[in-house]
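Note sheet for the following structure.
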Amino acid sequence: MDQTVNPSPRTLIIACGALAREIAALRRANGWDALEVRCLPAELHNRPERIAPAVREVLVETRGRYAQTFVAYGDCGTGGELDRVLREEGIERLPGAHCYEFFATARVFAQLAESEPGTFYLTDFLLRHFERLVVRPLGLDRHPELTQEYFRHYVRLVYLSQAPRPEAIEQARQIAERFGFQFEHRFTGYGELGTRLAALVESQDTLAWPA
């Protein structure tokens, strides 16, 4: 009996959980129903050595089941290990080292980094989960005196926002004041995330309707 699996015409996005809300918003706004999303836990960022193996596991599990697969991660601290896995599988990912870069675009992020190397960056996701992902893991809720030690080389906080929400800007400003940072806000929208997903949908349409 032929055991060949016929691939779904859908596109699989293997994504960092930190991008789940943004990808869902893009799918909803653009009607990209043919995109299927598989999110890995955002907490993997605390153990970046686990990101590449986790992505590989999903790639192996889903191999041959989709018309195309894309990985919605930057390098994210894997030291090139994620790229090595993706080269072996022939899969592409988002450009850049991390979400700050692909949201802001490489050119803008390079300008920000050059203008002030001591910059702490926030995205919408990190802002929503600041206490859970930054304050409590560093023990700052129990030992606020450690703030100066952890952040002594930082002088600026840049909030890279994906959605325009005045209350979020004020929340980010309060965090900057709490840590004694200068504050800057940049509205990035979805940056390269939106661009790359749109290109995937377009290429998917080409696969579905060959010339």
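Laboratory data are not the source of any read-out in this text; all were calculated from the coordinates shown. Only a predicted model underlies this, so the values are computations on that prediction, with no experimental measurement involved. Reconstructed Cβ throughout: ideal geometry from the backbone, glycine too, with neighbour counts over all protein chains shown.
Summary table
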| read-out | value |
| --- | --- |
| Value of relative contact order over the chain, rounded to a whole percent, pairs C-alpha under 8 Å and six or more apart | 21 percent |
| Extension gain from Ser115 to Ala29, taking 0.36 nm per residue of separation minus the Cα-Cα distance | 27.5 nm |
| Residue order, fewest to most beta carbons within 10 Å, for Tyr121, Tyr73, Tyr66, Tyr150 | Tyr150, Tyr66, Tyr121, Tyr73 |
| Whole-Å semi-axes of the ellipsoid equivalent to the chain (Cα gyration tensor, √5λ, descending) | 35, 19, 15 |
| The range 106-187: relative contact order in percent, alpha carbon pairs under 8 Å with at least 6 residues between | 34 percent |
| Most to least packed among 84-91, 19-26 [average Cβ atoms within 10 Å] | 19-26, 84-91 |
| Per-residue Cβ neighbour rank within 10 angstrom, fewest leading, Ser203, Ser161, Ser115 | Ser115, Ser203, Ser161 |
| R0 of 35 Å, Cβ-Cβ distance Arg152-Ala67: FRET efficiency to nearest 0.05 | 0.10 |
| Structure-based [θ]222 nm, the chain - -39500 (n - 2.57) summed over DSSP H runs of at least 4, per residue, nearest 500 | -12500 deg cm²/dmol |
| Sorted by Cβ neighbour density within 10 Å, fewest at the top, the residues Phe102, Phe187 | Phe187, Phe102 |
| Ratio of the Cα radius of gyration of the range 122-211 to 2.2 N^0.38 Å, where N counts its residues | 1.52 |
| On Cα atoms only, tilt of 20-30 relative to the major axis of the chain in degrees | 60 degrees |
| Under 14 Å, Cβ to Cβ, from Val37 - net charge with Lys/Arg +1 and Asp/Glu -1 | +3 |
